[in-house]
Amino acid sequence: MSNQRTYRVAVLGGDGIGPEVTEAALEVVRAAGVSVATTPFDLGAARYLRDGFVMDDATLEQLRGFDAILLGAVGPAIGDTRIPGGVLERGLLLRMRFGLDLYINYRPFRGVPGSLAEGCEFAIVRENTEGPYAGEGGVLRYGTPHEVATQGSVNTRFGVERCVRYAFERAAALAKPKLTLVHKTNVLTFAGDLWSRVVGEVGSEFAGVEVDYNHVDAACIYLVESPKRYGVIVTDNLFGDILSDLAGAVTGGIGYAASANLNPARTGASLFEPVHGAAHDIVGTGRANPLAAVSSAVLMLEHLGETDAAARIARAVADFDGDVTALGTAGVTRELLERL
């Protein structure tokens, strides 16, 4: 049971169905006996379209002081071109990742009945603050026939090692400890070599963990054809972004996929969010699937040390066998509450 501490949680409901699924997740958290005091933050596409605000330094520092951040979804409706690409992604999502040093993106997957990966459980550990997303690059002679665009990939020994070490710790806790590095070492020879050497060196400290390697293109095939081969996948920022969406698809859809943006050093609040988007087309219809948001809240509780409540909610989600489409947001939430 909870130790009765009240946790301060910043809630970024965001856009579309984001507020609906975060509300459901918080209802389940409280039903599991965990006390949370929530503070809402109006951030996302709607805020930007209303007054041009994305995030400032003061807001980022305010978020740093919370025990955790729960995010719903951020983004405009499909086809809405009023927000230039990168404004929300870099100005809000990546700014939180970089500013709060959320250097681990942890995404666990469990194949739901009827999915390609039914019965499989594995996780992707993605380096979350480097790679191509670090923003190295620029444009020369913009808009001319001689335009040049560069986008570098930043890979530091420090960043790679702390990510790989976290992945090994996760893999060591599995019933069948296995870690697979996914990269493209035959082409990306500089970054790939760094990742390979770090995996070898850190792996020497984890003798019980089986270590494997896949090129990223091969991993895309294996995730579909033989997902049981994986325990923990560790990879860089870009590959992890792509692979985790594929993993969501083969395990039942991203409506079930949860994620944690973690600062294991706890120098800033960690952020928890479902992988799915804002789904503006079903806002207010009561059809949003809250399971990914609830599972993200499970990851939040684990991070906060509320392991008993997290385990009970995780069991309720795993045992859920209802028709999400028929039950809708309220029905799914109600069934989870009954199982608790």
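The numbers here are math on the coordinates, done by the rules we state, and not lab data. These numbers were taken from a predicted model, which means no experiment stands behind them. Neighbour counts are summed over all protein chains in view; Cβ atoms, including those assigned to glycine, are modelled from backbone coordinates with ideal geometry.
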Largest first, please: the extent of the C-alpha atoms of the range 97-171 along each principal axis, to the nearest Å. 53, 33, 19
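May I ask for the equivalent-ellipsoid semi-axes of the range 28-101, computed as the square root of five times each C-alpha gyration tensor eigenvalue and listed largest first in whole Å?
Largest first, the range 28-101 gives 25, 16, 11 Å.
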Where nothing but the Cβ of Lys and Arg (+1) and of Asp and Glu (-1) is charged, how large is the charge dipole of the chain around its Cα centre, in debye to the nearest 20? 340 debye
Any idea which of ALA117, SER196, ALA173 is furthest toward the positive side of the dipole for the range 107-256, if Lys and Arg beta-carbons carry +1 and Asp and Glu beta-carbons -1? ALA173
Given the options LEU327, ALA279, VAL28, identify the residue whose Cα lies farthest towards the positive end of the charge dipole of the chain (+1 on Cβ of Lys, Arg; -1 on Cβ of Asp, Glu). VAL28
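Would you mind calculating the relative contact order of the chain from Cα pairs under 8 angstrom and at least 6 residues apart, reporting the percent as a whole number? Walk me through the numbers on the way to the answer.
Numbers: 687 pairs, mean separation 82.2, N = 340.
Answer for the chain is 24 percent.
So how strong a dipole does the range 74-214 carry about its Cα centre when Lys and Arg Cβ are +1 and Asp and Glu Cβ are -1, to the nearest 20 debye?
Roughly 220 debye for the range 74-214.
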Kindly write out, for the range 255-267 in residue order, the coupling ³J(HN,Hα) from the Karplus curve 6.51 cos²θ - 1.76 cosθ + 1.60 (θ = phi - 60°), rounded to whole Hz, with x marking Gly and Pro. x, 10, 8, 10, 8, 10, 9, 10, 10, x, 6, 6, 8
Which loop trypsin sites (Lys or Arg not before Pro) in the range 49-141, with loop taken from DSSP, have no more than 14 other Cβ atoms within 10 angstrom of their Cβ? ARG82, ARG141
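I'd like the GluC sites (Glu not before Pro) in the range 131-238 restricted to DSSP loop residues with at most 16 other Cβ atoms within 10 Å, sorted by number. Please list the in-between numbers first.
On the way: sites: GLU136, GLU147, GLU161, GLU169, GLU201, GLU205, GLU210, GLU225; in loops: GLU136, GLU147, GLU205.
Passing sites in the range 131-238 are GLU136, GLU147, GLU205.
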Residue (of ALA219, ASN155, ALA77) at the positive-pole extreme of the chain, dipole from beta-carbon charges: ASN155
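Give me Rg over Rh for the chain, both radii from the alpha carbons and Rh done the Kirkwood way, two decimal places. Could you put the intermediate results ahead of the total?
Numbers: Rg = 19.9 Å, Rh = 20.7 Å.
We get a ratio of 0.96 for the chain.
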Mind running the shape call on the range 107-256? Use the C-alpha gyration tensor, a ≥ b ≥ c as the square roots of the eigenvalues: rounded below 1.5 for a/c, prolate if a/b tops b/c, oblate otherwise. oblate
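Per Stokes-Einstein, at 37 °C and 0.692 mPa s, what whole-number D in µm² s⁻¹ belongs to the range 182-318, with the Kirkwood radius over Cα pairs as the hydrodynamic radius?
In µm²/s, the coefficient rounds to 191.
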Run the numbers on the range 199-299 and let me know its relative contact order in percent, using alpha-carbon pairs under 8 Å that are six or more apart. 21 percent
